[in-house]
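The values are calculated or read from the model by the stated rules, or taken from the named source; none is laboratory data. All values reported here derive from a predicted model rather than from experimental measurement. A quick note on method: Cβ atoms are made from the backbone with ideal geometry, for glycine too, and the neighbour counts reach across all protein chains shown. Ligands, DNA and RNA are stripped out before the accessible areas are found, and what is left, the full protein with its side chains, is counted by its heavy atoms. Shrake-Rupley method; radii C 1.70, N 1.55, O 1.52, S 1.80 Å.
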Amino acid sequence: MFLSIVIASKGRPNILLSTLESILDQTHPPDEIILVGTQKSDIPQGLASKEKIRVVLSKPGSSVQRNIGIDLTNFNSDLIMFLDDDVELARNYIENITSFLLGNKNVVAVSGTPLLNKPNNGLMSREEARQILLSSSVSRKPPIKQRGLYGCNMTVRAHPARSVKFDERLSLYAWLEDRDFGIRLEKFGDVVDYGGENLIHLAPPSGRMSQFKIGYGQIMNPLYLYRIKNVLTFREFIDHAAKGLVANLLWSFYIFKDRNGIPSSERRKRLRGNFFAIKHCVTNGISPESIKDIIE
């Protein structure tokens, strides 16, 4: 099976380079890798000349960048794998995923919960992550149907991926673009959780997006997916929108970090963004793309 990997990245060339090393060290390496940055400095030097690696620049925004990556995949591609630029893969990760999809024709898309997600509040080293993956014993579980995908690792059959694409109205950080993408893929087959324990999502702090805008997206994006697109159920909308708002309320006035490592000062910025989104919906309507025009 011809496998294309698409990685959207912005402002983290060293982190991206380590992820590429993890990919190129696979027992079953991909047939092509498409890197979509927003400017030349996003891409580690010298990669454009590497075999199998294609580099392209686009406007910022994970949905836009991933869609450009889809458009550039080889015509013969059977699978498109979307990875975040900050994952460490077990050496057999790609082999396991491709073998699973080869043997399960009913599955259109697969992602998995990482073995670790943001370990040490995003400060785990690559070397430590590699050692954990080497020493972990993976108990292969049967696939579980799920609503949507988990964006740090998603593998989709190429034709459906090209048909559905990511919603570019979900701009910049584009929170819930993976959930929306996966739910819309359900018309082509099963969307499942499988094999995610073969990777670690490092999630190092990067400051690529302001906390205020993150808070804005926590309210605006699920409301858009519920009221405008009818992708989320009411229960899912409440779960997504309320979870961030309540967490920001609870942790905004503490002087220490919460269990996710987010300082109370940043929680307060997110909370301001939450309330600004609510006000914006009442006065201007539901428009997730307006996050690009916000002046804090």
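From largest accessible area down, sort Arg130, Arg270; use a 1.4 Å probe on the protein chains.
Correct descending sequence by accessible area is Arg130, Arg270.
Please determine, in degrees from 0 to 90 and to the nearest 10, the orientation of helix 62-72 with respect to the longest principal axis defined by the Cα atoms of the chain, where the helix direction is its Cα long axis.
The answer is roughly 30 degrees.
So if each residue of separation counts as 0.36 nm, and I subtract the Cα-Cα distance between Leu47 and Ile238, what length gain in nm does that give?
64.4 nm
Any idea what the dipole of the range 1-160 comes to, in debye rounded to 20, about its Cα centre with Lys/Arg Cβ at +1 and Asp/Glu Cβ at -1?
460
Compute the length gained on full extension between His28 and Asp193: take 0.36 nm times their separation in residues and subtract their Cα-Cα distance, giving the result in nm to one decimal.
57.3 nm
Under the √(5λ) rule applied to the eigenvalues of the Cα gyration tensor, what semi-axes describe the equivalent ellipsoid of the range 1-133? Give them in Å, descending.
21, 21, 14
Considering only C-alpha atoms, what is the centroid distance from the range 221-296 to the range 33-96, in Å?
After rounding, the separation between the Cα centres reads 29 Å.
Given Cβ point charges of +1 (Lys, Arg) and -1 (Asp, Glu) and nothing else, what value in debye, to the nearest 20, does the dipole of the chain about its Cα centre take?
860
Give me, ordered by chain and number, the residues 5 or more places off Val107 or on other chains with an amide H under 5 Å from its own placed amide H.
Amide H neighbours of Val107, under 5 Å, 5+ apart: Asp190.
Cα-based Rg (one decimal) and Dmax (whole number) for the chain, in Å?
According to the Cα coordinates of the chain, Rg and Dmax are 18.8, 54 Å.
Starting from the Cα of Asn121, step 7 Å along the direction of its Cβ; do the same at Asn92; then give the gap between the two resulting points in nm.
Result: 3.6 nm between the two label points.
Hey, rough spin-label estimate for Tyr254 and Lys165, points 7 angstrom out along Cα→Cβ, what's it come to in nanometres?
Distance between label points: 4.3 nm.
Run the dipole for the range 87-130 about the Cα centre, Lys and Arg Cβ at +1, Asp and Glu Cβ at -1, nothing else charged, and hand back the magnitude in debye, nearest 20.
100
Protein chains only, probe 1.4 Å: how do Phe188, Phe2, Phe212 rank by accessible area, largest first?
Ranked list, largest accessible area first: Phe188, Phe2, Phe212.
At a 1.4 Å probe radius, which order do Lys59, Lys229 fall into by accessible area, largest first?
From most accessible down to least: Lys59, Lys229.
What number, rounded to the nearest 500 deg cm²/dmol, is the helix-based mean residue ellipticity at 222 nm of the chain, given -39500 (n - 2.57) per DSSP H run of at least four residues and division by all its residues?
-11500 deg cm²/dmol
Rounded to the nearest 5, what is the percent of antiparallel bridges among the DSSP beta bridges in the chain?
40
Report the Cα centroid-to-centroid distance between the range 189-220 and the range 111-148 in angstrom, as an integer.
Centre-to-centre distance over Cα atoms comes out at 14 Å.
Going toward the positive end of the dipole of the chain, with +1 on Lys and Arg Cβ and -1 on Asp and Glu Cβ, which of Phe234, Gly112, Gln65 do you reach last?
Positive-most Cα among the choices belongs to Phe234.
Leaving out ligands, DNA and RNA, what percent of the accessible area of the chain is carbon and sulfur, probe 1.4 Å?
53
Quote the accessible area belonging to Arg227 in square angstrom, nearest 10, computed with a 1.4 Å probe and with ligands, DNA and RNA left uncounted.
Arg227 has an accessible surface of roughly 150 Å² with all protein chains in place.
So what's the angle, to the nearest 10 degrees on a 0 to 90 scale, between helix 234-251 and the longest Cα principal axis of the chain?
For 234-251 against the chain, the angle is about 70 degrees.
Give me the distance in nm between label points sitting 7 Å out from Cα along the Cα-to-Cβ direction at Asn230 and Phe2, one decimal.
Rounded to a tenth, the inter-label distance reads 3.7 nm.
Determine the per residue accessible area of the chain with all protein chains present and a 1.4 angstrom probe, expressed in square angstrom.
Per residue, the chain has 48 Å² of solvent-accessible surface.
Work from the charge dipole of the chain (Cβ charges, +1 for Lys and Arg, -1 for Asp and Glu, about the Cα centre) and give the residue of Pro44, Asn76, Pro288 farthest towards its positive end.
About the Cα centre, the residue reaching furthest to the positive side is Pro288.
Give me the number: length gained by fully extending Glu289 to Ser206, i.e. 0.36 nm times residue separation minus the C-alpha to C-alpha distance, one decimal in nm.
Full extension from Glu289 to Ser206 adds 27.7 nm.
Against the longest alpha carbon principal axis of the chain, how many degrees, from 0 to 90 and to the nearest 10, is the axis of helix 13-24 turned?
On a 0 to 90 degree scale, this one is about 40.
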